[in-house]
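Bear in mind these aren't lab numbers, they're just calculated from the coordinates by the rules spelled out. The shown structure was predicted, so the numbers you read here are calculated from the model rather than taken from an experiment. Here the Cβ positions follow ideal geometry from the backbone for every residue, glycine too, while neighbour counts run over all protein chains shown.
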Amino acid sequence: MKKTIVSKEYQNLQKDIIALQENWKKSINPDSINPELDKAAMSAGVPAAALTSINFEISLFLQWIEEINVLLSKNNPELEPKLAGVITLLNEETVIRWIDEAFSFNSVYFASFAQENGLDEWIPQFLAETALRPYLQLTAEKIQHEVTHAIPGAGCPVCGEPARLAVLEDEGKKVMTCPRCLARWHAKRIECAHCGNDDHNSIQFITIEGDSSNQIQVCEKCTGYIKVIDTRQYLSKPSASMLDLNSIHLDFVAQEQGYQAVGEIKQTY
Amino acid sequence: MATEYVKFVDVTKCDGCRACMVACKNWNDLPAEQQDFLGSAQSHAKTTADTWNVLQYIEHENSKGKLDYLFRHSACFHCTDAACEKVCPENAISYTDFGTVVIDHEKCVGCGYCVNNCPFEVISLKEYVDKNGDKYRKAHKCTMCTDRLEEGLQPACVTTCHTGAMEFGDKAAMIKKAEERVKQIKDRYPNAMVYNPKGVGGTHTVYVLAEKPSVYGLPENPKVPTSAVLWKDYAQPLGKMMIGATTMGVIGMFISSRIINKGKQDEGGDSHE
């Protein structure tokens with residue numbers, strides 16, 4: 001029995017990146033993150049991080065990008081020449097833009113940035129996202145006590161990432177977790193995270209034979225899915241980002257069955 | 001070596017639901033076995049080749065003269081110093097990195113030494129018939145779901161237990177938990193104890209028993225049989241040494257006789273000329 005289709009090498013690279021991010025998080029001054037939570041905005045689905053003023057330390061951000069480049073080059077020497085020039089492209093103005101665009105996951109901006117500067121398409125967004133996450137994760141830690149539930153369809157209440165992963169804990173409690181900022185919030189066991197549908201007749205579960213700890217919860221109303229992982233069966237509990245990566249086969253299965261990572265209700269006029 | 005894990009079974013929390021038996025059959029794909037009624041709720045007298053864990057139901061008169069209905073999840077103990085491993089002539093039984101004891105069915109010849117020497121009587125032989133109609137046997141027992149452990153998952157029986165009577169975790173933490181639990185239940189069960197017998201070097205299934213081990217049909221102080229120690233630690237290495245010495249002797253004889261014969265042949269060759 002194999003629990004994941006992801007190679008050990010790639011898992012180890014991800015673990016190294018997560019370890020770097022944990023270290024980076026320690027060097028952020030907690031006072032540089034000031035949540036100004038607005039209950040009305042949050043109940044309308046605005047992510048809390050958008051209501052938080054964060055004083056980004058530009059020099060730290062640049063240092064982290066260098067560190068991630070070193071790690072990637074060490075892991076795969078072929079990447080070294082491709083990553084070498086990135087740091088020279090970054091000035092204060094660009095870094096601020098990168099942070100803004102990474103926060104709103106603006107793939108179009110990063111794709112055009114890569115094209116303009118002759119970089120591989122994945123490089124700018126990957127670097128910006130990796131370096132942004134410690135700030136998001138610290139924000140989530142700071143406001144976790146305020147986050148109890150999410151608005152269906154609005155994604156993670158802290159960073160706005162589409163909801164896609166839940167874990168089962170204790171007596172079977174379903175806790176949604178965000179692989180991006182590691183925020184956690186409660187959800188009903190039979191409830192679609194995308195459209196809020198809680199009708200047991202139209203929520204189904206797809207399981208894979210021999211894979212006893214994973215389920216895919218699918219909604220027939222909005223055709224959205226989330227992955228539900230029973231971490232009570234695990235010897236040690238991996239972080240949400242590792243769980244998300246290691247359960248990528250579930251995304252393939254769900255999408256092959258016609259379900260989507262972000263559900264949508266077809267409007268009929 | 002990976003972290004040393006043990007299965008902690010607190011029989012005083014068990015409600016006899018038998019979900020552990022079902023989970024084991026399900027995970028290990030073991031067939032059902034027709035059984036005669038045994039006079040109680042217990043399904044099988046003991047573990048068999050196709051039933052790797054059995055829930056015991058014991059009606060016991062306690063020291064106050066009252067009836068206690070006791071349950072115990074019984075399965076392989078995964079001894080640290082396992083008699084089955086010692087007596088196996090084919091080295092088919094071995095320890096894993098998790099400390100669990102597993103049988104390699106490719107190597108097992110079905111001799112049954114492990115069955116006779118297990119102090120807890122948990123190993124059984126299963127009979128198979130090959131394509132020529134010949135019968136052969138293999139030893140079977142609980143593997144502590146080593147295939148799940150290797151993937152970072154807990155054993156199937158533990159994950160299904162709804163009363164929390166079973167836990168799987170770090171050895172020291174589990175033993176500490178067991179000792180604390182015994183203190184909590186002393187009022188109700190004065191004979192309560194942690195069962196982690198030293199005679200077999202400790203086990204990888206640690207129990208909190210409500211009564212003395214004998215009430216559950218367990219040996220009070222199980223030991224690796226002396227014959228098993230003699231066999232594995234002395235006779236087998238000595239035997240291998242002897243084989244080595246004999247082989248060397250035979251090879252030595254062969255070479256020296258060749259040299260002598262060659263000498264003789266040479267002499268003979270001379271005489272012909």
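Altogether, the Stokes-Einstein calculation at 37 °C and 0.692 mPa s, with the Kirkwood radius of the range A:1-132 over Cα pairs as Rh, returns a diffusion coefficient of 199 µm²/s.
Distance from the Cα centroid of the range A:24-72 to that of the range B:102-176 is 50 Å (rounded to whole angstrom). Look at A:I248, B:I58 and count the other Cβ atoms within 10 Å of each Cβ; fewest to most, that gives A:I248, B:I58.
Sites listed here are trypsin sites (Lys or Arg not before Pro) in the range B:128-168 whose DSSP assignment is loop and whose Cβ has at most 11 other Cβ atoms within 10 Å: B:K131.
Are there trypsin sites (Lys or Arg not before Pro) in the range B:1-87 that DSSP puts in a loop and that have at most 11 other Cβ atoms within 10 Å, and which ones? Within the range B:1-87, the qualifying trypsin sites (Lys or Arg not before Pro) (loop, at most 11 other Cβ atoms within 10 Å) are B:K64, B:K66. This ranking places B:M144, B:M21, B:M242 by how few other beta-carbon atoms lie within 10 Å of each, fewest first, which gives B:M242, B:M21, B:M144.
By other beta-carbon atoms within 10 Å, ranking A:S239, B:S256 with the fewest at the front produces B:S256, A:S239. Remark: the protein assembly as shown is approximated by an ellipsoid whose semi-axes, taken from the C-alpha gyration tensor as √(5λ), come to 56, 38, 23 Å, largest first.
Only Lys, Arg, Asp and Glu carry charge here, each on its Cβ (+1 for the first two, -1 for the last two); on that basis the range A:165-256 has a dipole of about 360 debye about its Cα centre.
One decimal place: the segment A:S112-A:E171 gains 16.4 nm when fully extended, by the rule 0.36 nm per residue minus the C-alpha distance. Annotation note: chymotrypsin sites (Phe, Trp or Tyr not before Pro) in the range B:11-75 located in DSSP loop regions with a Cβ neighbour count of at most 13 within 10 Å are B:F37. Full extension of the chain between A:E256 and A:D16 gives 83.3 nm of extra length, using 0.36 nm per residue less the Cα-Cα distance. Which angle from 0 to 90°, rounded to the nearest 10, does the C-alpha axis of helix A:122-143 make with the longest principal axis of chain A? Computed tilt is about 60 degrees.
Relative to the compact-globule estimate of 2.2 N^0.38 Å, the Cα radius of gyration of chain B comes out at 1.37.
Summarised in one figure, the compactness ratio Rg/Rh of the range A:165-256, Cα atoms and Kirkwood Rh, is 0.93.
Amide H contacts under 5 Å for A:A166: A:T177, A:K227, A:V228, A:I229, restricted to partners 5 or more places along the chain or on a different chain, H placed in the peptide plane at 1.01 Å from N. Compared with the dominant principal axis of the Cα atoms in chain A, helix A:8-27 is inclined by about 70°. Pairs exceeding a 20 Å alpha-carbon distance, out of A:K3/A:K227; A:K25/A:K142; A:K142/A:K188: A:K142/A:K188. Phi-derived couplings, Karplus 6.51 cos²θ - 1.76 cosθ + 1.60 at θ = phi - 60°, listed residue by residue for the range B:13-21: 9, 6, 10, x, 6, 6, 5, 4, 5 Hz, with x used for Gly and Pro. Only helices enter the 222 nm calculation for chain B: every DSSP H run of n ≥ 4 contributes -39,500 (n - 2.57), and dividing by all residues gives -9500 deg cm²/dmol, rounded to 500. Legend: distances between Cα atoms for B:K46/B:K86; B:K46/B:K141; A:K26/A:K174; pairs beyond 19 Å are B:K46/B:K86; A:K26/A:K174. Set the Förster radius R0 to 30 Å, insert the Cβ-Cβ distance between B:A173 and A:E57 as r into 1/(1 + (r/R0)^6), and round the FRET efficiency to 0.05. Once the sixth-power term is evaluated, E becomes 0.15. Taking N as the residue count of chain A, its C-alpha radius of gyration divided by 2.2 N^0.38 Å amounts to 1.04.
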